[in-house]
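Structure first, commentary second.
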Amino acid sequence: MCKTRKVRSDLTIFFLFLGAALILRTPSFYCSVFDWDESSQILLGQSILDGNLPYVSAWVMKPPIDFLFYSLFILIFGKSILAIRAGGIVLIAFAATLLAKAGTRLANGKAGLAAGLLLIVHVSSRRWGLATMPEHILLLPSCLFLFLMTFKQDRNISLAIGLAMGIGSLIRTNMVFDAIAFGVLILSGLLMPNTSLKERGVRLLYFSAGLLSPLALVLTTYAANDKLTLFINTNVTAVLGYVGQELTLSDKWQIFAQNIREDFLNGNYLLWMLVGIALLLLPLKGPLATRRYSVAIIAILASQLASIFYTGTNFAYHYLIMATPIMTLMAGVSIDTIAKSMKVRGKISAVYWTTTLSILALLPFLCGQGNLMTKHSKVINHLIGESKTIDDPCGDISAYLNKIGVANRYILMMNSCQIVYWQTGAKYPTKYIHPSDLLEKEYMLQAIDGPDATRENELKEILEKRPKFIIWRRDKWPQPNKTLDTILRYNLDLFYTIDTEMAGHIIYKMKEL
């Protein structure tokens, strides 16, 4: 009976979070592209459903498990942007439920509910938060290992946490930093006092076995299909080229500070303040087990921020979504800790909790670039008829090309709308579906196709396929690369004519021969 009641309670919490995520993320259904990285993942997910291993017919420098989730969303919900965003909503609700259970075990039900609700708000309101990004998918293993960490750390739990982190590392490589931090925590004995060094070593082996099992399965799959070199070049050689770009320590600090600044401007500064309070209070207050757990997750948060510092770029504000589960868990528990230290009870406690959560939820909703309130207002105005259209240039391009009919024909997206390939059924003329990979990052082409590969030759091969349409934004690529710009303009002048223009995106159509 007790177990039945607990299952019902968990389901109630899940559906509460599902409803909150649905309400908060409704504007995501009306826009094809918030972030073009999401579009790349969708194309890889579709490629898997078409029978291909990741990286063979379509390539981006991301770990392969990530794409499986997009395949699953399409399989369950259908081939539409609605399917991708619906999948993201369900996944975020599951993650929030796990985080709520962690908060409940760590403190109480109030802290758990606060952590889960704050997670949904803050992963949705961060810049580009309404897309279904790899960072959103990573929430599931992240919240799972935070929940598992609240249990007695025996060998089986170490194995399960390793498995969660192993899967997470194949969604976003940054979780490797978390795994290293947790391995150090195992050896330190922080989460399992009164254990011998030998026993800690055994549990580290269990953790390592779980961590490496998903990778072993993936490597076996690629080896069986004679694509192991492709996997290694994508996930090792290209990644090393990416993180090995010539940036000084000062440059990295400047980029990292800019990313944090952008996060503050998006209304997340009170969340950071609560995390700061948690740093002061949680390791010092509460039961011994709570203090150990607090120190452990602070160490893992530090490793997450270190990974963002090490691998981040100027446009990596959404990377901070990875750190949100720990931040919101710390926020929920620190709100409860402050309430207890103030001896807040009864009606005063209800007012305190309601006020604190409201401020934390509303600030990111109202603040920042492209805040959620603005997006909701646009959707509401559209639905009540005050606005005929919603700003969705990529969707408009897809609708236009679908009327003409480009299915199974080559087109070339020289803009941020590679989602058009998927929405129209058109063929992409290069496996490098992310425009910046092709036009900015030659080291990626060389990692996959060999040291003689060049962007110029790849662009020439693309144009030799004579795509029926080329969609280009002149203020984007291939400027400032004069060679690529010359190649493109020469072909456009010789073989194409301007068909129409949509919100700065020029649609060129191949001339009739």
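The values are calculated or read from the model by the stated rules, or taken from the named source; none is laboratory data. These figures come from a predicted structure and were not determined experimentally. Virtual Cβ from ideal backbone geometry, glycine too; neighbours counted across all protein chains shown.
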Handout entry: Out of I448, I397, I419, sole residue that is farther than 25 Å from E501 by Cα, of a type in the set (A, V, I, L, M, F, W, C), in contact with a helix residue (DSSP H, G or I) (Cβ under 6 Å, 6 or more places away or on another chain) and at pLDDT 90 or above
Key = I448
Problem - Residues (assigned to a loop (DSSP other than H, G, I, E, B) and over 15 Å from the mean Cα position of the chain (by Cα)) located in segment 96-138 - result: A107, N108
Problem - Scope segment 480-513; condition under 13 Å from L463 (Cβ atoms) and hydrophobic (A, V, I, L, M, F, W, C); matching residues - result: L484, I487, L488, L492, L494, F495, M510
Handout entry: Meets criteria (of a type outside the set (F, W, Y), surrounded by fewer than 21 Cβ atoms within 10 Å (Cβ to Cβ) and modelled with pLDDT under 90) for P435
Key = no
Problem - Matching option when the condition is without any contact (Cβ under 8 Å) to a residue 40 or more places away in the chain and farther than 30 Å from V379 by Cα, among L72, L53, L49 - result: L49
Handout entry: Only listed residue being within 25 Å of L215 (Cα to Cα) and at pLDDT below 90, chosen from D37, D66
Key = D37
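Based on what the data block shows, is A100 of a type in the set (A, V, I, L, M, F, W, C) and either under 19 Å from M327 (Cβ atoms) or surrounded by 24 or more Cβ atoms within 10 Å (Cβ to Cβ) (or both)?
The answer is yes for A100.
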Exercise for the section: Determine whether segment 236-249 contains at least one residue that is in a helix (DSSP H, G or I), of a type in the set (D, E, K, R), outside the structural domain of H122 (by TED's automatic domain parsing) and over 30 Å from L106 (Cβ atoms). Expected result: no
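Considering each of L163, L190 in turn, give the residue that is surrounded by fewer than 19 Cβ atoms within 10 Å (Cβ to Cβ), in contact (Cβ under 8 Å) with a residue 24 or more places away in the chain and in contact with a helix residue (DSSP H, G or I) (Cβ under 7 Å, 6 or more places away or on another chain). Talk me through it step by step, then tell me what you get.
Numbers: L163 fails: surrounded by fewer than 19 Cβ atoms within 10 Å (Cβ to Cβ).
Going through L163, L190 in turn, just one is surrounded by fewer than 19 Cβ atoms within 10 Å (Cβ to Cβ), in contact (Cβ under 8 Å) with a residue 24 or more places away in the chain and in contact with a helix residue (DSSP H, G or I) (Cβ under 7 Å, 6 or more places away or on another chain): L190.
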Exercise for the section: Scan segment 354-375 and report the pairs whose first residue is more than 18 Å from S28 (Cα to Cα) and at pLDDT 75 or above and whose second residue is aliphatic (A, V, I, L, M) and outside any helix (DSSP H, G or I), with Cβ atoms within less than 7 Å and a gap of 6+ or a chain change. Expected result: none
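So which residues in segment 166-175 are of a type outside the set (S, T, N, Q) and either surrounded by fewer than 18 Cβ atoms within 10 Å (Cβ to Cβ) or outside any helix (DSSP H, G or I) (or both)?
Within segment 166-175, the first condition is being of a type outside the set (S, T, N, Q), and the residues that meet it are 166-168, 170-172, 175.
L170, I171, R172 - these are the residues of segment 166-175 that are of a type outside the set (S, T, N, Q) and either surrounded by fewer than 18 Cβ atoms within 10 Å (Cβ to Cβ) or outside any helix (DSSP H, G or I) (or both).
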Exercise for the section: Report yes if some residue within segment 340-347 is in contact with a Leu (Cβ under 9 Å, 6 or more places away or on another chain), more than 30 Å from Y242 (Cα to Cα), modelled with pLDDT of 75 or more and not hydrophobic (A, V, I, L, M, F, W, C); otherwise report no. Expected result: no
Practice task
Mind listing just one residue for me: the one in segment 125-160 that is hydroxyl-bearing (S, T, Y) and crowded, with 24+ Cβ neighbours inside 10 Å and, of those, nearest to A95 (Cα to Cα)?
Solution key: S142
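Confirm whether S125 is over 18 Å from A96 (Cα atoms) and of a type in the set (G, A, S). If you could, list the steps in order and put the result at the bottom.
Details: over 18 Å from A96 (Cα atoms): no; of a type in the set (G, A, S): yes.
No: the conditions fail for S125.
A quick yes/no check of all residues on (1) modelled with pLDDT of 70 or more; (2) in contact with a helix residue (DSSP H, G or I) (Cβ under 8 Å, 6 or more places away or on another chain); (3) surrounded by fewer than 15 Cβ atoms within 10 Å (Cβ to Cβ):
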{"site": "E262", "(1), (2), (3)": "yes, yes, no"}
{"site": "M273", "(1), (2), (3)": "yes, no, yes"}
{"site": "G286", "(1), (2), (3)": "no, yes, no"}
{"site": "R291", "(1), (2), (3)": "yes, no, no"}
{"site": "S294", "(1), (2), (3)": "yes, yes, no"}
Practice task
Might you let me know whether segment 197-207 holds any residue that is crowded, with 24+ Cβ neighbours inside 10 Å and under 30 Å from M61 (Cβ atoms)?
Solution key: yes
